[in-house]
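The block underneath contains the structure these notes are about, expressed in C-alpha cells.
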Amino acid sequence: MAPKISVIVPLYKTERFVEKCVRSIMEQTFKDIEIICVDDCSPDDSTLIVRRLAAEDSRIQLIRHMENRGLGGARNTGILHARAPYIASVDSDDYIDPKMLEALYDGTQDGLYDVVVCGFERVDEAGKVLSKHLQAQKVVDPIPEDQDPYKLANPAFWNKLWRTSLYTQNDIFFPNHIYYQDAATTPRVFAYAKNINFIGGAYYKYLVRADSVTNKVSDKHKLDKYRELDFVKDFFVERGLYGKYHEAFRSRVFDTYHYHFRTIVENNPKLDGDSIRYLRYLLLMRESYLGLDDTIRSMTVEELKAAFQDGSVDIHRLGLQKGTISSGGFQPRIVRPWSRTPDVMVLTLHSGENEFTQSKQSLESQSYTRWTHKVFSGLGNVESHRVLYEEIMANSGRYHIFLKLDADMVFADEAVLSDIVNRFSGDPQLDHFIVACDDWMTGKQIIGVHAFSNRVVWERTSEGLFVDPSPKRPGKRVIIENPEKTFFFHSPDPSPFQAFHFGAHRALKLTQRHRPYEDKRPDAMQIQWDVFFNVWQRFRETGDTRLGLALLACDLVVSGQLGEGVHDYKDPELLEVFRQHEKLTMAEILSAIEPIWGTLASRRSYFARAVGDDGLRKIEEDRLRRKKERRRSKQQVRNPASDDRIRMRRRYRMYQVMLSPFIDEKLKRKLEKSPTAFFLDARHPALKFGRWLHRKDLR
C-alpha cells in the first residue's frame, strides 16, 4: 500500500548533520511515510550513515546517482521515485519538529489542498534559534487568476507539503547544478496549483552554517541568478503564460537585484573595489534584462548573428524600433524604485462640475511642480473612464504616477500632491493609493481620490455602471479611509443640477435593476444606501435644497421615472426632469421625501423597494457567505491547539463511546481527527452531548 507522504532527503557532504536530519523524520508522529534519501555522489560518509539508519527503519530507501546532478537533480530523482500523493523535502543539514508532517497532512484536509505551508526557524549548530519566520494562518482557495506566483509564499521547497502530481503531471522539475533552484521552480508550480493552506507553526529547522554555499557569493552565484530568472521566463513563454505573468516577472527581476544591492551595501559600509564592480554588474544585468530581453527574443536569426558577430545591429535602437512593446501595445514602464524625481500626470473627467475652476487653481498652487494636467471633456460616463485608463497605460513609459482627480475634487492644501508622491517613492511596492475626502453632500469622509503607479493595467470591459474597476497590479493597494488630515474636498459647492445628477447616478448603483442576478453587487447597495441616509440627515440639519434635489432624483430612479442613461450629465431626460423640479421650495421637497425617509419603518420599506426581491436575496446570500467565512476562519485558527486540549480530557473519550451508536463513520472520523470542528459544525441531534466542552477548550 502506498504511503501518504514521500519525504525527499538529498545527500551531499553533510555527514555531520545527516543523522539528526533523518532521525527527525523517522521520529515523526505521522507514521505513514516513506523516506527517500538520494546520494548525489557524496564524497563523505553520509551514505554509510543512512545505510545504518535504514537497517533500523524499513521506510528508508537509498537511491544513488552515478554522477553528481546537484541539489535540484537529487530532488528530481526523489520526485520521480515518490509513491505518495504528497511530497515533502528536508535538506540533509536541517531537521524538523516531530509534529511537522502530521500538521502538514492535517492541513490538506483529506486531499482538498494542493499545497500546505508551515513556518520555520533559522537555527545555529547548537540549536539556538536565530530567527523565527511565521505566516498568518489563512486559506487561499482558489488562488486568484491575477495572483503573483512569486508573492504567494516564500519560494522554499522544504517547508511545504506538495501534491506530487503538480510536478509529475505538469512536467515541472528542478534545474540541475544551479543555485536558487527553489526560486526557479516553485513559481512555476504555483502557476498550476489550485489552492493553498497556510497552517502557521514553526516546524522546520533551517540550519545556518558558516560554510554553507548560501552564505557565499561567487561568479557562479552571479550567473545563476540570471539563469534562475531565465529558467522561469522560458517556462512561462513556452506554456503561453508570459502575458499573464509578465508584470509579476518584471517585479521579480527588479526585487531580486534590489535585494542583492541592499545586502552588499549593508554588509560593506566602506565598499571595496570588488563590491563596486559587483554593484555595477547587478545594475547592468537588471537594466539589460528588463529592457532588452523581450526585444532580443523577438530578433530573427540573421539579426542575432549580426548583433553577435560584428555589432552591426544596434540592439538599443532595435528595441526602440520594435518598441519593447508589451502585449497591450504600450510603452515599457519605468522601473521601480525610480531613479529620478517622479513625474505625475493628473487626469480630470469634466462634465460641467461647478468646482472645476477651483479644482484647477488648487492643483496649480501645489508645492510639487513636476506634473502635467490632462482634462477629458464632452465624453459620456463610460467612454470617459475607458479613455482615461487607456491614457494611463499608454503613458506608463513617460510618467511615474497618475492621479485621477475628478472635476469636483479640490486639494485641501498645497502639500497634498507632494505627500502622495512621497508615499509612492517611499514604498516601491505601492501601486494603488486610495484616500477618503471630505464630502459636502454627506457630511462624511468618503472614498474618492485614486493614484496609480505606472505598473497598473486595466482590461477592456463592457461594464456600464461601475466604471471605476480596480486595476491589475504587481504591488499592493493602500486605502486610507480615515486620514488624520484632509487631503481633498469633494463637491464643496455643487450646482443644483450637479446635486440632482449625484442622486440619480448613485440611485442606479443602489437599485442595479437591469443587472443580472449573478452580477448584482450587494456591497454597493449597502454603500449607496448609507450615502443617501447621510444626505437625508444633512438635509434635515441644513435645509439646503440641493440635498433635497439629490434625494428627489434618487426616488425618481427607484420609481422608474428616470432610466439608465441618467448617469451621464448630458442625458436629455435627466436635464428635462431636473427643470421640472429645480424651482421646488424647501417645504415642497420635504413633503415629497419625508414619507420615505422620516421613520425607520419607512426607510426599511423603501430600501426593500429600491433593491427589489432579487437584491434582498443577494444581500442575504452575501451575509450568510461572509458569516460562514468568518466561522471557518475562526475554526482554522482555533483547531490545532484546541483539538489537542480536547483530546486530553477524560470526558472526550467517554463521549466518543456514547456518541458512537448515533453517528456514521464519516462523523466518527471527524470526531477523531478534528474534534473542535466536529462540535462547532455538527447538526446531528445526538451532538447535544458536546455541550460539556468548556469555552477555554475552543480557543
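The values are calculated or read from the model by the stated rules, or taken from the named source; none is laboratory data. Just so we're clear, the structure is a prediction, and the values are computed from it rather than from any experiment. Reconstructed Cβ throughout: ideal geometry from the backbone, glycine too, with neighbour counts over all protein chains shown.
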Among what's in the stretch 542-565 and is among the charged types (D, E, K, R) and in contact (Cβ under 8 Å) with a residue 40 or more places away in the chain, pick the residue that is farthest from Gly598 (Cα to Cα). Glu564
Which of the residues belonging to the stretch 1-19 are more than 32 Å from the chain's Cα centre (by Cα) and closer than 14 Å to Arg163 by Cα? Pro3
If you take the residues of the stretch 406-453 that are part of a helix (DSSP H, G or I) and of a type in the set (A, V, I, L, M), which of them is surrounded by the most Cβ atoms within 10 Å (Cβ to Cβ)? Leu417
Scan the stretch 454-500 for residues that are surrounded by fewer than 18 Cβ atoms within 10 Å (Cβ to Cβ), of a type in the set (Gly, Ala, Ser) and in contact (Cβ under 8 Å) with a residue 60 or more places away in the chain and report the count. 2
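Are any residues in the stretch 185-200 in contact with a Gly (Cβ under 8 Å, 6 or more places away or on another chain) and surrounded by 21 or more Cβ atoms within 10 Å (Cβ to Cβ), and if so, which ones?
First, the residues of the stretch 185-200 that are in contact with a Gly (Cβ under 8 Å, 6 or more places away or on another chain): 185, 197, 199-200.
Residues satisfying the conditions are Thr185, Asn197, Ile199.
Which of the residues that make up the stretch 74-96 are in a loop (DSSP other than H, G, I, E, B), farther than 14 Å from Phe157 by Cα and out of contact with any Gly (no Cβ under 8 Å at 6 or more places or on another chain)? Full working, then the answer.
Filtering the stretch 74-96 down to residues in a loop (DSSP other than H, G, I, E, B) leaves 82-85, 90-94.
If we keep only those that are farther than 14 Å from Phe157 by Cα too, we end up with 82-85, 93.
Across the stretch 74-96, the qualifying residues are Ala82, Arg83, Ala84, Asp93.
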Neighbours by Cβ (under 7 Å, 6+ apart or cross-chain): first from the stretch 513-541, β-branched (Val, Ile, Thr); second at pLDDT 90 or above: Val531/Thr442; Val531/Arg506; Val535/Met441; Val535/Thr442; Val535/Leu547; Val535/Ala550; Val535/Leu551
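Against the definition (hydroxyl-bearing (Ser, Thr, Tyr) and outside any loop (DSSP other than H, G, I, E, B)), how does Ser362 come out, yes or no?
Details: hydroxyl-bearing (Ser, Thr, Tyr): yes; outside any loop (DSSP other than H, G, I, E, B): yes.
Considered against the rule, which asks whether it is hydroxyl-bearing (Ser, Thr, Tyr) and outside any loop (DSSP other than H, G, I, E, B), Ser362 comes out as yes.
In the set Leu130, Leu101, Leu71, which member is surrounded by fewer than 17 Cβ atoms within 10 Å (Cβ to Cβ), touching a residue at least 24 places away in the same chain (Cβ under 8 Å) and not in a loop (DSSP other than H, G, I, E, B)?
Numbers: Leu101 fails: surrounded by fewer than 17 Cβ atoms within 10 Å (Cβ to Cβ); Leu71 fails: surrounded by fewer than 17 Cβ atoms within 10 Å (Cβ to Cβ).
Exactly one of Leu130, Leu101, Leu71 is surrounded by fewer than 17 Cβ atoms within 10 Å (Cβ to Cβ), touching a residue at least 24 places away in the same chain (Cβ under 8 Å) and not in a loop (DSSP other than H, G, I, E, B), namely Leu130.
Hey, can you tell me all the residues within the stretch 365-405 that are part of a loop (DSSP other than H, G, I, E, B) and small (Gly, Ala, Ser)? Let's see the steps before the verdict.
As a first pass, look at the stretch 365-405 and keep what is part of a loop (DSSP other than H, G, I, E, B): 365-370, 378-380, 395-400, 405.
Within the stretch 365-405, Ser365, Ser367, Gly378, Gly380, Ser396, Gly397 qualify.
Residue by residue, here is whether (1) modelled with pLDDT of 90 or more; (2) surrounded by fewer than 13 Cβ atoms within 10 Å (Cβ to Cβ) holds:
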{"position": "Ser591", "(1), (2)": "yes, yes"}
{"position": "Gly612", "(1), (2)": "yes, no"}
{"position": "Arg617", "(1), (2)": "yes, no"}
{"position": "Asp622", "(1), (2)": "no, no"}
Using the structure shown, decide if Ala587 is closer than 24 Å to Lys444 by Cβ and either part of a helix (DSSP H, G or I) or of a type outside the set (Gly, Ala, Ser) (or both). no
